[in-house]
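Undergrad: Dropping a structure here in structure tokens format, bear with me for questions.
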Amino acid sequence: LKPPRPRRGGLPRARFRGAPWPSAMRQPASRAGSAPAAAMRPLKGPGLALALALWHAALLRASGQDTLAGQVETTAPQDLSQVCGWQLEQVVQGKGEIQDGATIYEKIFKNQTYRYFFSTYNTTTMNQPDQYRKLIINLEPCKGVVYLFVRKTRQCYPNPYSCIKDLGLPTERRTKPCEWTHFMSEIDRSRDGTPTFFEVPLSSTKYYISVYATENSAFTLTVLADIGAFPRPGNNGKIEARQLRELEVQLSWSPATFIPTGISDVKQYWVYSSMLLENDERTNMAVFMRPDKIMNTVCGLGNNTDREYTRIPASACSDGVCNATIDGVITDKRYVFNVVVESNRGYKMAYAGLIMRTDWEVIRQAASDKTLKVIGAVSGSVLGMVVIIYFLMLKLYG
């Protein structure tokens, strides 16, 4: 190949002899009347670089490739409908953008997916230290089973149907990972009916969220970048209970905290109490109680109780402990107790919950019936011996 000859006085011309790299790159001979040219020298520096570039461009033109990009010309690029075709199926609904700090309530049918888009360009949040520059995505089932899938930066939306196939059929399969997914709920049925709480690094301005249901369900979804406004139950949500009297139970729990502090405070605590039926059992230890009766989410407690039993203001807590007294419990019955903390910004979070069987007996005798029978027999024998001895003494001594 032979590139075009440069203009007079321009850059030197390089000759190519068909090898992958030019076999000789030399300076042109001197013009007539000038001093004799020195021996032919190889090109160096900028001249060599430009010669290599021209040679490479000539090879690309000869092979039909683009000179600038060095790539073979292709057809028109694919659009999202081709790459993310599953998003256009009838079981998938686009719900639009969810605003920062918003909590939405939705009902969803079996094998259906709702898509949500979240974006934030808040520079104040972006400039937070790494330990505080995070995003909270909280999915709480009110009833049923829902899974959360999250992808950041760009589409496609997470595809639940790539890892949950043939739902409800004998050939049903659940595999990992799911397509277009960075964060996801546990889908192996071990936590069906539990909330999904993600606190992920805020490393992108755009997040694509999919919520998928394996049965007819209802849920709430909260997305919050200002994580210091969200309350966190103290002591991992643990609640303690003890029976004070026959019809009275006292609940105790640790106050909620905020990370980072100083953004919001606790407004009040909502205390819930509900008596369980004899056939109410937990699905497993990770679920409280089961998908059709969820007792550790805010909306689940609202669905399964008539109303809250009482509200405790944050000022009523002292020495790192909050207390509430519940009256009117029935002896030898199982109860569910739980607490929901509410911040001054209006965000709520449920504690872990507690199941308790009341057991209060009034003791009206000092010992059991068997013990009393033994004591009575012994006492009667002793009394009989005393009476017999008394009469013998009377007989002997007149």
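Readers should treat all values here as calculations from the given coordinates under stated rules, not as data from a laboratory. Note that the structure is a prediction, hence the values are computed from the model and not measured. Methodologically, a virtual Cβ is constructed for each residue, glycine included, from the backbone with ideal geometry; neighbour enumeration extends over all protein chains shown.
Undergrad: With labels modelled as points extended 7 Å from the Cα through the Cβ direction, what inter-label distance (nm, one decimal) is found for R282 paired with D327?
TA: The answer from the label model is 3.1 nm.
Undergrad: What FRET efficiency would be calculated for the residue pair F197, M275, taking the C-beta separation as r and a Förster radius of 35 Å, to the nearest 0.05?
TA: 0.80
Undergrad: Run the numbers for D79 and L394: contour at 0.36 nm per residue of separation, minus the present Cα-Cα distance, in nm. Display every interim value, and only then the final one.
TA: Details: separation 315, 0.36 × 315 = 113.40 nm, distance 12.24 nm.
Roughly 101.2 nm would be gained on extension.
Undergrad: To continue, here is another question. To the nearest 0.05, how large is the calculated FRET efficiency for D359 and R173 if R₀ is 45 Å and r is the Cβ-Cβ distance?
TA: It comes to 0.45.
Undergrad: Also, I was wondering about something else. Starting from the Cα gyration tensor of segment 123-271, take the square roots of the eigenvalues, sort them a ≥ b ≥ c, and report rounded, prolate or oblate (rounded when a/c is under 1.5, otherwise prolate if a/b is larger than b/c, else oblate). Write out the running numbers ahead of the final one.
TA: Values: a/c = 3.04, a/b = 1.24, b/c = 2.45.
Note, shape of segment 123-271 comes out oblate.
Undergrad: Continuing with the same structure: Amide H to amide H, which residues 5 or more places from E215 or on other chains are under 5 Å from it, using H placed in the peptide plane?
TA: When sequence neighbours closer than 5 places are left aside, the close amide H contacts are N111, V145.
Undergrad: Go through 256-269, 189-202 and give me the packing order, highest mean Cβ count within 10 Å leading.
TA: 189-202, 256-269
Undergrad: Could you give each residue of segment 120-129 its phi-based ³J(HN,Hα) in whole Hz, using Karplus coefficients 6.51, -1.76, 1.60 with θ = phi - 60°, and x for Gly or Pro?
TA: In residue order, the calculated couplings are 9, 10, 6, 5, 4, 5, 5, 8, 5, x Hz.
Undergrad: With +1 on the Cβ of every Lys and Arg and -1 on the Cβ of every Asp and Glu, and nothing else charged, how large is the dipole of segment 57-208 about its Cα centre, in debye rounded to the nearest 20?
TA: Numbers: 18 positive and 16 negative charges, 43 e Å.
Computed about the Cα centre, the dipole is about 200 debye.
Undergrad: Another question about this same structure. For the residue pair R242 and R290, what label-to-label distance in nm results when each label sits 7 Å from Cα along the Cα-to-beta-carbon direction?
TA: According to this spin-label approximation, the distance is 3.4 nm.
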